[in-house]
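Structure first, commentary second.
The values are calculated or read from the model by the stated rules, or taken from the named source; none is laboratory data. Everything numeric in this text was worked out from a predicted model, so none of it was measured. Cβ atoms come from the backbone with ideal geometry, glycine included; neighbour counts cover every protein chain shown.
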Amino acid sequence: MTHHNLRVPITFLSLLFALALQLPSQTTQTATDNLPYKDASLPVDQRVSDLLKRMTLEEKATMLAGSGWMESAPIPRLGIPAIKMADGPLGVRSWMGSSAITNAANAPKITSTSFPSGVAMAATWNTDLVQREGQAIAQETKALGRDMILGPTVNINRIPLWGRNFEGYGEDPYLAAQLGVAYIKGVQGERVIPSVKHFAANNEEFERHRLDEKIDERALHEIYLPAFKAAVQQADVWTVMSAYEKVNGKYCAENDYLLTDILKNEFGFQGFVISDWASTYSTAPTVNAGMDLEMPGGPPLHAMLKRPQTIMSGNSGGWLEADKVLAEIKAGHITEATIDDNVGRILRVLILSGLMEHPHSPGGEVDTPEQRKIALEGATEGIVLLKNQNSLLPLDPVKIHSIAVIGPDALVARTGGGGSSLVRPDHAISPLEGIQKRVGSAIQVTSAPGVGMEGEDATHDTPEARAADLKQATDIASKADVAIIVVGRYNKNESEGFDVKTMDLPAGQDELIQAVEKANPHTVVVLNTGDPVTMSKWLDTTPALLDMWYGGQEGGNAIAAILFGDANPSGKLPVSLPRKFEDSPGAKTYPGQNLHTDYAEGIYVGYRYYDTKNVEPQFPFGFGLSYTTFEYSDLKLARITFAGKNPIWNFTINVRNTGQRSGADVVQLYVHDGHSKIDRPAHELKGFSRVELNPGESKTIELQLDNSAFQYWSPTTKQWTLDPGTFEIQVGASSRDIRLKAPVQIGR
Ligand code: BGC
């Protein structure tokens, strides 16, 4: 970079000032140590403005672009360190090389705990657990010498085929917001920098660098932005990553409406905006729209930009490099005040995270027993029991003598979907290993892939190989007391960068299930995938069905614990599972035409669509069975309290475990509005609570609603609006299993 032609006007006074402080001399350690910006006892804003005053315009401009693939630019003269980043959000991923080569065989081996996919964590509905996961990931980030973890992903699962559905927290904005906030609190509590992503509405991978999404303002505010708003207002998140695509005609990285009007002005975001990797297309419009830090930068970016696949995919970058920014300042297209705001935000985060004083260095412990335990808890609590005819599950190890473990996802640990979130664990447990470990020598375990994973190994994709694989599977199934089939996808056919082609299972898997079920009526099907799959070919004859999503490195142990009843399933669907793709609300306009796509369904995403338009999904949002049963009673508005002037409605519900086993349930509270001036969904999730109960035990849980639970975003007034009247509070075990209802008068 060439900055030598820049002239910074230095007045006589400031020269004197600089001399008095003896800047930038390296020999005055003690004098500089006393500088206000280094004084941790001073307020952050004071430290930021002190530091800004000491920076040259050139230094400030340098901080707007990354210096490497995963490093921001340091200013050593002032002791400003580079922020060292690593991909998340499902663990700490190797930060060397581009995403495409990070996991390549020759990349330096960086291992860390592989946590369950976001959708699996969402299925736990356990904010405490997600916070502990965030904390554990932050500890590993530090132990590996990094400062920032690129997560959580809070984009809404709008389309069943989105390649990154596994990464996010499902289809509901309230649930995604609660879990995103929990993750961020866990990370920031360790003074590691999170990055909530991707702002906004990254809901398909198709042409993600060129696609223009038409989204109405109401859908943006009610569906796609709440998780980001909560990250800002409830967790004071330190960074937000912009998305790749265009929203309403403008790239997210230069979308002033999204970045400045909404994020910074409306939500009050104080941290910095970071671009998604190579997603900038201009200098002044991007800086002026509110982009603070462009990533990546330096030689890795330049190497990347030259690659044919980069050009083909539509990535672009390097626009915020210092020389370009300085030229635009000189031309009067960017003001110094704007740059001060950009840099001030980055400095603020550097100070808040303690990095100015304590940069992290590698050498700490990763994948500790505690971290592994959290990964296991997540994998276990995230498993959803979808069907359990005649109580086939849990399996009784005393009565069973042999098990056939079958499927392309059974013998290999399929820990996560592909792309930047895929973590390389030191070890990972496949379902087969988990089951073998659980049963030891007491039960005979046989295994067979049954069918090759489509596309993974061409020698298994021929008709002859398929027939032989299938025969081997049905042979062992017919000789076993129970057959367990694990089907689904893996990181090469469900990944960031492209959408899943079809909701159907990969080739041969439906046939495998059908054949094994014929060979053995005691068959348990386990789904190992992030996206929904069509089940019509076998569901009616399948006695037991579990969804383990991608369970991270402990997935195999978790599924074994659930199969044998060591753990009682408590996962609930964070997404509706449609019967077929065409039933899903966004299907009509997906993937769009001529690089434009219309979010024509507006706010009717997920169960908001299925429940309002009476389209029956295969399994509804919030659904999940248990080995015990729960009963709800006594829904009451217990009291109204106040947070300042704002009323809080406190509802109580009694939950009782009416079965024979200990277990956990997730009580869900939905609000139905039948009187508003505007069309509203049948109901919306506004509260939930996960409760653990012993057999016969009951607990009274309390759920609090504030004004926001009853509001909609009015496209006319462009404000959140509450139409006073009678609302219905619904309590249920899924969006379609409402068990208690109570009217409540609001705003009169
Ligand atoms: C992804 C981001 C990721 C970044 C850095 C992008 O392709 O969309 O989620 O953090 O790469 O690897």
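Observations on the structure shown:
- Residue match in the stretch 242-257 (condition: closer than 26 Å to Thr124 by Cα and either crowded, with 24+ Cβ neighbours inside 10 Å or away from the ligand (no atom under 16 Å from the Cβ) (or both)): no
- Listed by first and then second residue, the pairs with beta-carbon distance under 6 Å, at least 6 apart or on different chains, first residue in the stretch 669-684 and surrounded by 13 or more Cβ atoms within 10 Å (Cβ to Cβ), second among the polar types (S, T, N, Q) and part of a strand (DSSP E or B), are Tyr670/Gln730; His672/Gln730; His683/Gln730.
- All of Lys306, Lys330 fail the test of being at pLDDT 95 or above and out of contact with any helix residue (DSSP H, G or I) (no Cβ under 9 Å at 6 or more places or on another chain), apart from Lys330.
- Helices (runs of 4 or more DSSP H) lying entirely in the stretch 264-382 (those with 1 or more residues that are under 26 Å from the mean Cα position of the chain (by Cα)): 284-289, 298-306, 308-313, 336-352, 369-382
- Residue that is farthest from the ligand (Cβ to nearest atom), among those in the stretch 417-449 that are of a type outside the set (Val, Ile, Thr) and farther than 19 Å from Ala560 by Cβ: Asp426
- Residue list for the stretch 613-667, restricted to those being of a type in the set (Phe, Trp, Tyr), under 26 Å from Asn388 (Cα atoms) and assigned to a strand (DSSP E or B): Phe619, Phe630, Tyr632
- Residue match in the stretch 621-631 (condition: within 21 Å of Phe727 (Cα to Cα), surrounded by fewer than 15 Cβ atoms within 10 Å (Cβ to Cβ) and at pLDDT 95 or above): no
- From the list Thr700, Thr726, the lone residue that is modelled with pLDDT of 95 or more, surrounded by fewer than 16 Cβ atoms within 10 Å (Cβ to Cβ) and farther than 18 Å from Ile653 by Cβ is Thr726.
- Pairs, first more than 19 Å from Leu505 (Cβ to Cβ) in the stretch 406-431, second of a type in the set (Lys, Arg) and more than 16 Å from the ligand (Cβ to nearest atom), C-beta under 9 Å, six or more apart: Arg424/Lys109; Ala428/Arg414; Ile429/Lys437
- Within the stretch 181-192, being hydrophobic (A, V, I, L, M, F, W, C) and either more than 16 Å from the ligand (Cβ to nearest atom) or part of a loop (DSSP other than H, G, I, E, B) (or both) holds for Val181, Ala182, Val192.
- Counting only residues that are more than 16 Å from the ligand (Cβ to nearest atom) and within 21 Å of Leu685 (Cα to Cα), the stretch 149-180 holds 12 of them.
- From the options Glu357, Glu377, Glu381, residue that is among the charged types (D, E, K, R), at pLDDT below 95 and either farther than 29 Å from Gly508 by Cβ or crowded, with 18+ Cβ neighbours inside 10 Å (or both): Glu357
- Residue check, Arg146 over 18 Å from the mean Cα position of the chain (by Cα), touching a residue at least 40 places away in the same chain (Cβ under 8 Å) and either part of a loop (DSSP other than H, G, I, E, B) or within 16 Å of the ligand (Cβ to nearest atom) (or both): yes
- Lys471 closer than 20 Å to Glu554 by Cα, surrounded by fewer than 18 Cβ atoms within 10 Å (Cβ to Cβ), more than 16 Å from the ligand (Cβ to nearest atom) and of a type outside the set (Ser, Thr, Tyr): no
- Any chance Asp236 is of a type in the set (D, E, K, R), part of a loop (DSSP other than H, G, I, E, B), away from the ligand (no atom under 16 Å from the Cβ) and surrounded by fewer than 22 Cβ atoms within 10 Å (Cβ to Cβ): yes
- Taken across the stretch 709-718, residues that are closer than 23 Å to Gly170 by Cα and polar (S, T, N, Q) do occur, with at least one present.
- Restricting the stretch 244-263 to residues that are outside any helix (DSSP H, G or I) and of a type in the set (D, E, K, R), the residue that is farthest from Gln719 (Cα to Cα): Glu245
- Considering Lys471, Lys501, the condition of being in contact (Cβ under 8 Å) with a residue 24 or more places away in the chain, more than 22 Å from Leu573 (Cβ to Cβ) and of a type outside the set (A, V, I, L, M, F, W, C) is satisfied by Lys501 alone.
- Residue in the stretch 283-290 that is out of contact with any Leu (no Cβ under 9 Å at 6 or more places or on another chain), of a type outside the set (A, V, I, L, M, F, W, C) and within 16 Å of the ligand (Cβ to nearest atom) present: no
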